[in-house]
Amino acid sequence: MEIRRTYSRLKKLIRMPYQKNMNEEGKAKIRKPKPSLISSITTNSQTLFSAMARKPLLKQTLATLFLLFVLYAIFNAFFHPTYSSAFDSPFSFNSASSVLLAASGAKFPTVKVFLYNLPSRFTHGVIRHHALARGAHFSQQHDDVSSLKYPGHQHMAEWYLFADLSRADSGRSGSPVVRVMDPEEADFFFVPFFSSLSLIVNPPRPPGSGASLEKPIYSDEENQEALVEWLEEQEYWKRSNGRDHVIVASDPNAMYRVIDRIKNCVLLVSDFGRLRPDQGSLVKDVVVPYSHRIKTYPGDVGVSDRKTLLFFMGNRYRKEGGKIRDILFQILENEKDVIIKHGAQSRESRRAASQGMHTSKFCLHPAGDTPSACRLFDAIVSLCIPVIVSDSIELPFEDTLDYRKFAVFVETTSAIKPGYLVSKLRALSKQKILEYQKELKEVKRYFEYEEPNGTVNEIWRQVTKKLPLIKLMINREKRLFGRESVCSCVCTNQTAVRTL
């Protein structure tokens, strides 16, 4: 109805300039069949432009703009209808305004993070002790510990997140969080303790070594205790009981001494293998990738240079769920086109593993002492299709990534059947293998900590998604009169949500 009324007004407006001339000339009115809407507009437009030639320039311009606007509104009404139900507003919009509103896009507030300025013993002091324990020497004037280089290992998330927040805003474009200097503005508080590095400061000593009787200079347990004591004195920790604090504990054994005192925090972990249900969960915490130790494969997808069917190199004997490794060794070590080797962490082993992964179609990922291991992420950046035999594994960023598109999952009970695993892999066509590799190439940026829009930004995105829950828990506890919640993390780490 609105379009018809608009059309009638337009028709009267168009006929006004020349109606008088037609009466003077005595032309008889001839009744014609009613024209279609489009043809009428076309004909009348031509007449209007002819009439406008005799009008002043201003009137011509206004009439032209009005005509264009009407044509645009009619076109959108017919070909791009917009329904008011698509908007969260009680008002109705015409077609033109609806298009403009949709184009503007919704904007969401940036999540603000405050970086604690911890005493250096918890950050660069850990790096210094790690170097000293390996024979490094520092001069008396070497007081600037911030220049110390963080050593490479498989749990480097703590360093990359700290380095990211330490950069100037100009170097953090695209980040889903912004660092604030005023803690009153913060949504989250990042605690930059190098917990995973602290765990390995003292190198392991061979059994029977006389030096094992000496007390180490550095104590990870003492540093854990000191950190929590420091945090518990902070105003903003007390305000939320630590719920809006973010702590990286990516090594499965990191922070083990004080885990019950920090279990309210958002923990960044590699898995939940060493955590009780009331200490960690998918709802409260974030699963982060290991730092891959194998160089990223520089080539493209393809099978011609990947002669090996299945590759594995790692410790054969592990505890708990990792006992499956020994069984898989026995089943696979004599299979054709399969390379399965025992190896420990060393530069030589990494070189051999890099060569093996870059020349194999599939890379085996069995459970270790905990369900996850660095090997999975080495395989991904090597474009070697992961074969995951770990029933309890939790994987990073699963709300974004569908791992079935680039990894093969095999249930443990099936994998230990002689011949089952290799038969399953050999049955996959070349086309299917290429599809897996293409997906790996697409997603590997999620596992590259040094990529500008890689792992670091994705971890921050995951943290920001916890904010509504954190606010809920903080506000809820304010009305409980100091009573402690039945479950600090609201759910189990098997993701079964409990009733509050």
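The values are calculated or read from the model by the stated rules, or taken from the named source; none is laboratory data. Just so it is clear, the structure is predicted and the values come from calculations on it, not from any experiment. Positions of Cβ are generated from backbone atoms using ideal geometry, with glycine treated the same way; all protein chains shown enter the neighbour counts. For the accessible areas, the whole protein counts, side chains as well, though only heavy atoms, and no ligand, DNA or RNA atoms are used. Shrake-Rupley method; radii C 1.70, N 1.55, O 1.52, S 1.80 Å.
Structure summary
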item	result
Cα gyration tensor shape of the range 308-446, rounded if a/c is under 1.5, else prolate or oblate by comparing a/b with b/c	rounded
Accessible solvent surface per residue of the range 308-446, calculated while the other protein chains remain in place, 1.4 angstrom probe, Å²	47 Å²
Set Lys238/Lys471; Lys336/Lys438; Lys361/Lys444 screened for pairs whose C-alpha atoms are more than 22 Å apart	Lys336/Lys438
Protection proxy ranking of 452-464, 157-169 - average other beta-carbon atoms within 10 Å, highest first	452-464, 157-169
Amide H contacts of Ile340 (H built 1.01 Å from N, under 5 Å, at least 5 apart or other chain)	Phe312
Burial order of peptide ranges 297-304, 387-394, 194-201 (average beta-carbon count within 10 Å, highest first)	194-201, 387-394, 297-304
Accessible area, probe 1.4 Å, largest first, for residues Tyr403, Tyr420	Tyr420, Tyr403
Computed over the range 308-446: relative contact order in percent, which uses C-alpha pairs under 8 Å that are six or more apart	24 percent
Value of Rg/Rh across the range 401-447 [Cα atoms, Kirkwood radius]	1.04
Check: the range 256-310 dipole with +1 on Lys, Arg Cβ and -1 on Asp, Glu Cβ, in debye	220 debye
Lys465 accessible area, assembled protein chains, probe 1.4 Å, Å²	110 Å²
Nearest-20 debye value, the range 308-446 charge dipole, Cβ charges on Lys, Arg, Asp, Glu	500 debye
